[in-house]
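Q: Here you go, one structure.
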């Protein structure tokens, strides 16, 4: 089953909002990974924040947790973090002005 991009952040938040285990939706798989909080980042999505998968492992993230998060089945993966608008242009400008 493919999840709508609009609904995906809401589905990730259900366990945090107190959805009971008897609800129709199962808890996201990443919640069972030890110390997942130290590996994931958060990003603002319209009116809320949600977990996202950074491109690189944080120093505090255990390697075993990082590997488990990266190896989740596609339907269970945490969405990749998106760069804020203008971040790519700012990064390119910074790289262009860096001394050689």
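The values are calculated or read from the model by the stated rules, or taken from the named source; none is laboratory data. Quick caveat: nothing in here was measured; it's all calculated off a predicted structure. With ideal geometry, Cβ positions are generated from the backbone for all residues, glycine too; neighbour counts draw on all protein chains shown.
Q: Could you list, in sequence order, the residues of the range 44-80 that are part of a strand (DSSP E or B) and buried (at least 17 other Cβ atoms within 10 Å of the Cβ)?
A: 45, 50, 51, 52, 53
Q: Of these, 25, 7, 17, which one is surrounded by fewer than 12 Cβ atoms within 10 Å (Cβ to Cβ), in contact with a helix residue (DSSP H, G or I) (Cβ under 7 Å, 6 or more places away or on another chain) and modelled with pLDDT under 90? If you could, list the steps in order and put the result at the bottom.
A: Values: 7 fails: in contact with a helix residue (DSSP H, G or I) (Cβ under 7 Å, 6 or more places away or on another chain); 17 fails: in contact with a helix residue (DSSP H, G or I) (Cβ under 7 Å, 6 or more places away or on another chain).
Answer to the check: 25.
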